[in-house]
Structure formats: structure tokens, C-alpha cells
Amino acid sequence: MQQQMTGARMVVQALKDQGVEVVFGYPGGAVLPIYDEIFQQNDIRHILVRHEQGAVHMAEGYARSTGKPGVVLVTSGPGATNAVTGLTDALMDSIPLVVLTGQVPTFMIGTDGFQEADTVGITRPCTKHNWLVKDTDRLAETLHQAFHIAKAGRPGPVLIDIPKDVQFATGTYAGPKQARLSHYQPQVKGDIDAITRLVELIEQAERPVFYTGGGVINSGPGASQLLCELADATGFPVTSTLMGLGAYPASGKGWLGMLGMHGLYEANLAMHGCDLMINLGARFDDRITGRIADFSPRSIKAHVDIDPSSINKVVRVDLPIVGDIGHVLEDLLKVWKARGRKVNREGLAKWWSQIEQWKLKNCLAYKGSTTTIKPQYALERLEALTSGHDRYVTTEVGQHQMWAAQFLRFEAPNRWMTSGGLGTMGYGLPASIGVQIAHPEALVINVAGEASWLMNMQEMGTAIQFRAPVKQFILNNERLGMVRQWQQLLHGGRYSQSWSESLPDFVKLAEAFGCKGIRCSDPALLDDAIAEMLDHDGPVIFDCLVEKHENCYPMIPSGKAHNDMLMGDAGVEGAIQAGGAVLV
Amino acid sequence: MSALNIKQGSTSHSAYELRDPHAETVETHTLAVMVDNEAGVLARVIGLFSGRGYNIDSLTVAEVDHKGHRSRITVVTRGTPGVIEQIKAQLGRLVPVHEVHDLTVEGPAVERELALFKVAGTGEKRVEALRLADIFRANVVDSTLESFVFEITGTVEKIDAFADLMRPLGLIDVARTGVAALARGI
């Protein structure tokens, strides 16, 4: 299909041809021609946000919960710069996005024109790839390439900067099938010799552990299924990073819970004590490893990742396999089955009895209260009252995020959306809207802290305008909880600027936005209040007043090893020593 | 630094890969990066080095295939073996990058740099400069009664050595292209 049309029409046509159903955006001078085209069609739904950062996080929520790329349309200058945080977030967490920005006309580029910014320059380090299209005849091909690159290999955000004269000019449109795709074709099949070597290790291992990450989820639901099949057939324990939660079901018999800085005792000790670590699509992030020198000192480490640069970046591994998790697991299972489904049963039985011992530690225990809602209790009740739903959870960033990862249980992939790598406060509310737009009938909850939530609270307007019945479950401790916890651990309890002064009345705020507000401060009334939130057919802001000075445990203090965790009843002062103090 | 100082890893080639990937010794490597000649591609490569804290000792870039829109970037960089591997992997995942070759480890390679030296002086110093230039097979490409511009081609070490010799003889300006390199043989 080749047709003459304007650049602006090409944008909309290419989105349709790529199967895009929804665009998150905000108009402005440099994208008016594209908005005019959006006005004249009904196939693509446009979600008008309140701030461009919100648009990008919504697209992230959409992408993470569907596996399809999220699409964003914003104007030049401030529209583009406001998108930068979201782009960086998506790059760190490998979320496929296609972001379209308007630009001043080509003949004005470089003149410091009104709302001009060097968008491709600014976003070069925070996109997987970006383009400035100066010729309408190149636009269609670039749009199709953008979708290819966003999705292929390790997914990520891409950006196309489109000057206004390019949008007005007429050129030749070609469909996705005619477009010359880039040479960019990452390797998806793993090396079969390496896979066979891994099978040999699996057959012998006495103390194995699967350490899974966001890569399993990015590889698609098939990869999660294969992981379950492999883990259950071998009887190996499974732990996951924050980004990988849901790839292996929390009800699975191999599930150890999340690992890392606020991971579970049994998960971290399994990592520390294992003799075979099988890393599937995780990247040895510093939240996971703790002190590198003491990271899992006696294990053989295998690492499956689609991105060769992830291998040996932080931790040197013994058996690297570059490839897509789904493809590698498929081959791995084939080889393992063909060789007789062998595992070291005796070793495994001992390993599991050791793990059961660690589980007895009950590392998530906390001191209950009949007068104050403990944040952990709030999440336990939320879990109990919502686990029957096909539930999607987003979070902001901080203590509440870690508690949510510890206390909520995920049975399927694509149900858990959180800002892992970048740690972006203000992510959860817009992300929850993006998820809800993709799954209109589902229960979508944003587990938030009050400080994070305020960072993008303007997006409640978007939720209400587009009837997205998102539940904002705010654990309100009137503190920047994680900052305060670190100040207690590291800075002698001098709580510099870490409290939330002059908070709004969240119930009145809900009313002002035109949605329902609920406040609860009594543990005895919490179940009813949560039920009221769930029963309400529309967005809810739930102000859950919780214990103000609760700390999040277990915790591996910075600069410490996996087997050096702080537990809930620990003395915390001086827990971080000089070497760890410079770490974040 | 002595002009004849042989940089680790850059000149000795063995039939066996003897580099220890865990070594903490800093090596110098010459990388050839084949890229699409598109807007911003050099900024992408440079941004990768600055953003991730890698070193660039020298960098040259020019289109080498006009029809195929292909450019060749030659980077001389330093790092431990682990860092060098990371640099190559990071370069390899840039979308416009087609190939990354580590000429230092892939086999024998020729590395050449072109430099222009302006040397000002009169009398014996001027004669000595000209004599040394002859020994180094440098060409005189500009001459006044008080100055020469020499053009010299060779390895980095040779050009360093020439610079060291010219300095006391009135060296006032230097322009160097950075290293261009190709693997030997086919």
C-alpha cells in the first residue's frame, strides 16, 4: 500500500497499521496537525493527560500490563522535556514505548524558536533509539522502524521528533510490510551447547536457585509458563526481583518470595548459599546483590539475558547465554527432558529442608496494633480482600512499594507495575490509569505513599474524565517513609525534610476532583473501608492513616552481604557503616 | 612516558588468548565500529563513553561507504578487560551500530595516525629539525624562513617520539588525526 498523504495523517495511519488502539498525550503548537488528524478519526482513542510525565507513565502501565508498546504524543519543548523522566524510567525497566514529539519547523531548528528544545539531544541517553525526521517521505518508514525497535530484543522507549512542517507536507506513505526495517535483529535463540551445559549443571546441583527478573515477563506469557513448568518439574526454588514478580506464581511450591535489599530472608539466604544460580532475565542490580565481593560466594552462576551488555556487567558469571528467555527455556526443557529429566534428588531434599528452616524465621513478622493501622497489616488485609480478583497493582516508590512487594501475592505476569530501576516517585497513579485503560473491567489498585502520590496527583482528573475506576490506596504516614528510615539508620535520627507538612485532606481532595474519598485510621474498621473501596464503581482515593515511624524489614543495609540482614526487631542505629554510607 | 613505551595489549599478539578477564590491569584497545552514517550517530557513541565513564584516547570517524551510508569509527580506549568487554557490548547494542571489532585482540592489525607539526626556529635548531624529519620520513608541507610544517604518518608511538624530539627544537603547534586501523590480511 503506497499513498500520498500529509505527515500528520501518516502518523495516525502508521499507528493504526501498527495496531495501536490508544494514545496518551497532550496537545500543543508543534503537534496541532497530528491532533487535527486525531480529531477526524475514531479508530484510535486519545487519553488527554494533565502533565506529559503522566502520559509516559500511563503508557508504561499500559505496556507493562498488555505486553504491547505504549504510545505517547506530546508537543515540542516543555512537552518533550516533561516526558524525560518517564523515558528514563522506561529505559531502566525495559518497557516498550513509542513517544512522538512535535518540533518547531525544520527551517527554525537552531534559532531558539518558541518551545524549541533539542529533543533528540536531550533524550538520546534516555531512549533506546530516537530520530528527528526532516523529510516527510522518511516518516512512515521511521514510524514502523520505531515500533520494531521498541519491541525487539530488550524492549525500551523510542522517540520520534517530528517538525511541524514535516507534519504539514505531503509525502509517500508505505505500510509496515513495505517498510525497510533496520538491521536491528537481536539474537533470540540461545547457544545450544551452553544450554546443554546448563542442563548438566541442573542435573547435578545440590543447592540450586532460579533468580528471575523482568526479562521473563518481557519475553511474554509463554516464558512465564515455561518457567513454571521447569521450576515445578525440577523442584528447584524460585526467587524473583521486584520487576519479575508474577512470572512464577506466589502459590507455586518453589516460591521463595522476592529477594534483594528488602527481600525475604529465605530468598536472600538461598542466593547466598546456593551452588547453582540460574539468573533468568535479571541484571544483578545493586538492590539485589548487596556487597558484590560477598555475593553468593560459592555458586556457579548461569545468566540468560537477551542483552549481551547485561552479562558480566556487575557480576562475572560462569555460563552466559544470550537469548530470549522463552526461547532458551523451551530449548532447555527439551534437552533436560531428552536426557531423562534428572535432578539431584538427595541434594535437593537437604536444600529444601534448609530453606524450610530459614522460612521458620518468619521474616515479615511485625508488631501488630489494635489502635493504629500498621502498613503491613493494611497490605495483608488488601491482599486478603482482593486476592480473588484478577487484580492489577501499581505502586509509587518507597516503603509502601517494598511492603506491597512483600505482602501482595502475584499469580500471573503483567499484573504488577512498579518503577524498579529508576525509582520514580509519582509513577503509580498515572501507571494505574494506563493499566485501567487497557483493562477497563479489571480491578486496578495503586498502592501509594502520600508523598509519592502528590507528585502526579493532577492525573486524578484524567482518571475521572475517562472513567477509569482506579483505586488509590494511600498508606499515609505523613512522612517520606524510606528517607526517614535511612535517616534513622544512617544520620542519627535527624529527620531532615522527610515529613509531609500541610498535606491536603484527601477525602475533600477526592470530592474536589469528583470522585469518592475514604479515610480509615482504625484497624477494626479497615476491612469494611477496603470493601467500600472495592464496591465503589469509580475512582477512589483511600486515605489509610498508618503508623508513622514503621521501618521496612528485612533489610540488607548498604554495603552488606545477603547473609547480613536486619530483621524487624533489630536495633537499627549504626546499621550502615562508613563503607556503605556512600551507597544509596 | 618514553616514546618507545609499548602499551599493554596493543602491540603483542599471541596465537592464544591469554588475557585474564578478571585482571585489574588497564589495557589499551583499538576498536573499529561500523555504523550507519546517520544524524547523531557520533553523539550516540561519544555519549555512551561519557555517560558510562569510559575513556577515549582517540577517536576518528568518516564515511567509508557512501552508497551504503556506512561510517567507520575507530576508538582507542583504555580499561580493565572487564570494562573493555562492557564497552564492546554497550557499543554493540546501539541501534545504528552494525559491527564492533576489537583490533587489539582479533589478530594483527595496522594502526596509523597522521599528524602535522609546526616547528619554528632558525640556525642549527632548524637544520636539526629538518634532519630528524628526514629520519622519521616526515614531509615538509609548508615552509617559511622561520618555520616548517611537517606531515608525519605512523603509529601513535612514532608520532609521540617525533613530538618529543621536536619540542626542544621549537615545536609550536600540533594537529593529530587520531588512529585509523585495519586488520592485517584478509
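Which number in (1) part of a strand (DSSP E or B); (2) open to solvent by 10 Å² or more (accessible area, probe 1.4 Å) marks the one condition that A:THR81 misses?
(1)
Hey, A:SER496 hits all of (1) closer than 25 Å to A:SER558 by Cα; (2) in contact (Cβ under 8 Å) with a residue 24 or more places away in the chain but one; which does it fall short on?
A:SER496 satisfies all of (1) closer than 25 Å to A:SER558 by Cα; (2) in contact (Cβ under 8 Å) with a residue 24 or more places away in the chain except (2).
Mind checking whether some residue in the stretch B:36-49 is of a type outside the set (A, V, I, L, M), within 14 Å of chain A (Cβ to nearest Cβ), on the phi < 0 side of the Ramachandran plot and in a strand (DSSP E or B)? Talk me through it step by step, then tell me what you get.
So the first thing to find is which residues in the stretch B:36-49 are of a type outside the set (A, V, I, L, M), and the list is B:36-38, B:40, B:44, B:47, B:49.
Add one more test, that the residue is within 14 Å of chain A (Cβ to nearest Cβ), and what stays is B:36-38, B:40, B:44, B:47, B:49.
The next check asks that each one be on the phi < 0 side of the Ramachandran plot; those that pass are B:36-38, B:44, B:47, B:49.
Cutting the leftovers down to in a strand (DSSP E or B) gives us B:36.
Scanning the stretch B:36-49 turns up at least one residue that is of a type outside the set (A, V, I, L, M), within 14 Å of chain A (Cβ to nearest Cβ), on the phi < 0 side of the Ramachandran plot and in a strand (DSSP E or B).
Are any residues in the stretch A:545-570 more than 22 Å from A:SER498 (Cα to Cα) and either in contact with a Cys (Cβ under 7 Å, 6 or more places away or on another chain) or among the charged types (D, E, K, R) (or both), and if so, which ones?
If the condition is that a residue be more than 22 Å from A:SER498 (Cα to Cα) and either in contact with a Cys (Cβ under 7 Å, 6 or more places away or on another chain) or among the charged types (D, E, K, R) (or both), then A:LYS560, A:ASP564, A:MET567, A:ASP569 are the ones that fit.
Does B:THR177 satisfy being of a type in the set (Ser, Thr, Tyr) and part of a strand (DSSP E or B)? Even if it seems obvious, please write down each step before you answer.
Working: of a type in the set (Ser, Thr, Tyr): yes; part of a strand (DSSP E or B): yes.
So B:THR177 passes the test.
Hey, does the stretch A:422-435 have a residue that's open to solvent by 10 Å² or more (accessible area, probe 1.4 Å) and either in contact with a Cys (Cβ under 6 Å, 6 or more places away or on another chain) or in a helix (DSSP H, G or I) (or both)?
Looking through the stretch A:422-435, none of the residues is open to solvent by 10 Å² or more (accessible area, probe 1.4 Å) and either in contact with a Cys (Cβ under 6 Å, 6 or more places away or on another chain) or in a helix (DSSP H, G or I) (or both).
Does A:ILE321 satisfy the condition of being within 16 Å of A:ALA194 (Cβ to Cβ) and crowded, with 18+ Cβ neighbours inside 10 Å?
On the way: within 16 Å of A:ALA194 (Cβ to Cβ): yes; crowded, with 18+ Cβ neighbours inside 10 Å: yes.
Answer is yes for this residue.
Within the stretch A:259-291, can you find the residues that are charged (D, E, K, R), out of contact with any Lys or Arg (no Cβ under 7 Å at 6 or more places or on another chain) and not in a loop (DSSP other than H, G, I, E, B)?
Those that are charged (D, E, K, R), out of contact with any Lys or Arg (no Cβ under 7 Å at 6 or more places or on another chain) and not in a loop (DSSP other than H, G, I, E, B): A:ASP286, A:ARG287.
Please count how many residues of the stretch A:101-130 are more than 14 Å from every other protein chain (Cβ to nearest Cβ) and either surrounded by fewer than 22 Cβ atoms within 10 Å (Cβ to Cβ) or out of contact with any helix residue (DSSP H, G or I) (no Cβ under 9 Å at 6 or more places or on another chain) (or both). Step through it out loud before you land on a result.
To start, the set of residues in the stretch A:101-130 that are more than 14 Å from every other protein chain (Cβ to nearest Cβ) comprises A:101-102, A:104-105, A:107-108, A:111-117.
Among the residues that remain, those that are also either surrounded by fewer than 22 Cβ atoms within 10 Å (Cβ to Cβ) or out of contact with any helix residue (DSSP H, G or I) (no Cβ under 9 Å at 6 or more places or on another chain) (or both) are: A:105, A:107-108, A:111-117.
Of the residues in the stretch A:101-130, 10 are more than 14 Å from every other protein chain (Cβ to nearest Cβ) and either surrounded by fewer than 22 Cβ atoms within 10 Å (Cβ to Cβ) or out of contact with any helix residue (DSSP H, G or I) (no Cβ under 9 Å at 6 or more places or on another chain) (or both).
Per-residue answers, yes or no, for (1) of a type outside the set (D, E, K, R); (2) touching a residue at least 40 places away in the same chain (Cβ under 8 Å):
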| site | (1), (2) |
| --- | --- |
| A:GLN485 | yes, yes |
| A:ASP528 | no, no |
| A:ASP543 | no, yes |
| A:HIS562 | yes, yes |
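Right, A:ALA146: open to solvent by less than 10 Å² (accessible area, probe 1.4 Å) and either away from chain B (no Cβ under 11 Å) or acidic (Asp, Glu) (or both) or not? Talk me through it step by step, then tell me what you get.
On the way: open to solvent by less than 10 Å² (accessible area, probe 1.4 Å): yes; either away from chain B (no Cβ under 11 Å) or acidic (Asp, Glu) (or both): no.
Against the criterion (open to solvent by less than 10 Å² (accessible area, probe 1.4 Å) and either away from chain B (no Cβ under 11 Å) or acidic (Asp, Glu) (or both)), A:ALA146 does not qualify.
Which residues, taken from the stretch A:329-380, are within 30 Å of A:THR196 (Cα to Cα) and of a type in the set (Ser, Thr, Tyr)?
Step one: of the stretch A:329-380, the residues within 30 Å of A:THR196 (Cα to Cα) are A:329-355.
Matches in the stretch A:329-380: A:SER353 only.
If you scan the stretch B:156-181, which residues turn out to be touching a strand residue (DSSP E or B) at 6+ places or on another chain (Cβ under 6 Å) and closer than 24 Å to B:VAL75 by Cα?
The answer is B:VAL156, B:ILE159, B:PHE162, B:ASP173, B:VAL174, B:ALA175, B:ARG176, B:THR177, B:GLY178, B:VAL179, B:ALA180, B:ALA181.
Looking at the stretch A:157-172, can you tell me whether even one residue there is open to solvent by 50 Å² or more (accessible area, probe 1.4 Å), within 14 Å of another protein chain (Cβ to nearest Cβ), of a type in the set (Lys, Arg) and closer than 28 Å to A:GLN53 by Cα?
no
Within the stretch A:175-209, work out how many residues are of a type in the set (A, V, I, L, M, F, W, C), in contact with a helix residue (DSSP H, G or I) (Cβ under 6 Å, 6 or more places away or on another chain) and at pLDDT 95 or above. Give the steps one after another, and end with the answer.
Narrowing the stretch A:175-209 to residues of a type in the set (A, V, I, L, M, F, W, C): A:179, A:181, A:188, A:192, A:194-195, A:198-199, A:201-202, A:205, A:209.
Narrowing further to those that are in contact with a helix residue (DSSP H, G or I) (Cβ under 6 Å, 6 or more places away or on another chain): A:179, A:181, A:188, A:195, A:199, A:209.
With at pLDDT 95 or above added as a condition, the list becomes A:188, A:195, A:199, A:209.
Residues meeting the conditions: 4.
Based on what the data block shows, is B:ASP164 in a helix (DSSP H, G or I) and in contact (Cβ under 8 Å) with a residue 60 or more places away in the chain?
Details: in a helix (DSSP H, G or I): yes; in contact (Cβ under 8 Å) with a residue 60 or more places away in the chain: yes.
Against the criterion (in a helix (DSSP H, G or I) and in contact (Cβ under 8 Å) with a residue 60 or more places away in the chain), B:ASP164 qualifies.
Take the conditions open to solvent by 40 Å² or more (accessible area, probe 1.4 Å), of a type outside the set (Lys, Arg) and more than 14 Å from chain B (Cβ to nearest Cβ) and apply them to A:GLN185. Does it pass? Walk me through it before giving the result.
Numbers: open to solvent by 40 Å² or more (accessible area, probe 1.4 Å): yes; of a type outside the set (Lys, Arg): yes; more than 14 Å from chain B (Cβ to nearest Cβ): no.
Considered against the rule, which asks whether it is open to solvent by 40 Å² or more (accessible area, probe 1.4 Å), of a type outside the set (Lys, Arg) and more than 14 Å from chain B (Cβ to nearest Cβ), A:GLN185 comes out as no.
Please identify the pairs in which a residue from the stretch A:288-300 that is among the β-branched types (Val, Ile, Thr) has its Cβ atom under 6 Å from the Cβ atom of a residue that is part of a strand (DSSP E or B), counting only partners at least 6 apart or on another chain.
Hits for this filter: A:ILE300/A:LEU276.
Among the candidates A:ILE292, A:ILE355, which residue alone is among the β-branched types (Val, Ile, Thr) and crowded, with 17+ Cβ neighbours inside 10 Å?
Values: A:ILE292 fails: crowded, with 17+ Cβ neighbours inside 10 Å.
Just one listed residue meets the conditions, A:ILE355.
Could you check the stretch B:61-156 for strands (runs of 3 or more DSSP E) lying wholly inside it with 2 or more residues that are away from every other protein chain (no Cβ under 14 Å) and open to solvent by less than 20 Å² (accessible area, probe 1.4 Å)?
The qualifying strands (runs of 3 or more DSSP E) are B:70-79, B:109-120, B:147-154.
Go over the candidates A:ARG345, A:ARG381, A:ARG287 one by one and state the one that is open to solvent by 60 Å² or more (accessible area, probe 1.4 Å), away from chain B (no Cβ under 14 Å) and over 24 Å from the mean Cα position of the chain (by Cα).
Testing whether each residue is open to solvent by 60 Å² or more (accessible area, probe 1.4 Å), away from chain B (no Cβ under 14 Å) and over 24 Å from the mean Cα position of the chain (by Cα) leaves just A:ARG345.
So if I check each of A:GLU459, A:GLU411, A:GLU441, which one is surrounded by fewer than 22 Cβ atoms within 10 Å (Cβ to Cβ) and over 18 Å from the mean Cα position of the chain (by Cα)? Steps first, please.
Working: A:GLU459 fails: surrounded by fewer than 22 Cβ atoms within 10 Å (Cβ to Cβ); A:GLU411 fails: over 18 Å from the mean Cα position of the chain (by Cα).
Only one candidate passes the filter, namely A:GLU441.
Is it the case, given these coordinates, that A:LYS177 is farther than 22 Å from B:GLY47 by Cα, within 11 Å of another protein chain (Cβ to nearest Cβ) and among the basic types (Lys, Arg)? I'd like the intermediate steps shown before the answer.
Numbers: farther than 22 Å from B:GLY47 by Cα: yes; within 11 Å of another protein chain (Cβ to nearest Cβ): no; among the basic types (Lys, Arg): yes.
Against the criterion (farther than 22 Å from B:GLY47 by Cα, within 11 Å of another protein chain (Cβ to nearest Cβ) and among the basic types (Lys, Arg)), A:LYS177 does not qualify.
What number of residues in the stretch B:102-125 are out of contact with any helix residue (DSSP H, G or I) (no Cβ under 8 Å at 6 or more places or on another chain) and within 24 Å of B:LEU171 (Cα to Cα)?
Of the residues in that region, 8 qualify.
Step by step: first the residues of the stretch A:314-336, then only those that are within 14 Å of another protein chain (Cβ to nearest Cβ) and of a type in the set (D, E, K, R), then the one that is farthest from A:SER419 (Cα to Cα). Which residue is that?
In this case the residue turns out to be A:ASP318.
Looking at the stretch A:390-412, can you tell me whether even one residue there is at pLDDT below 95 and out of contact with any His (no Cβ under 8 Å at 6 or more places or on another chain)?
We begin by selecting, within the stretch A:390-412, every residue at pLDDT below 95; these are A:390.
Now restrict to residues that are out of contact with any His (no Cβ under 8 Å at 6 or more places or on another chain): A:390.
Within the stretch A:390-412 (the criterion being at pLDDT below 95 and out of contact with any His (no Cβ under 8 Å at 6 or more places or on another chain)), the answer is yes, since at least one residue qualifies.
Go through the stretch A:300-313 and give me each residue that's more than 10 Å from chain B (Cβ to nearest Cβ) and surrounded by fewer than 22 Cβ atoms within 10 Å (Cβ to Cβ).
A:ILE300, A:LYS301
The values are calculated or read from the model by the stated rules, or taken from the named source; none is laboratory data. Note that the structure is predicted; figures quoted are calculated from it, not measured. Positions of Cβ are generated from backbone atoms using ideal geometry, with glycine treated the same way; all protein chains shown enter the neighbour counts. Quick note on the areas: whole protein, heavy atoms, side chains included, nothing else; ligands and nucleic acids left out. Shrake-Rupley method; radii C 1.70, N 1.55, O 1.52, S 1.80 Å.
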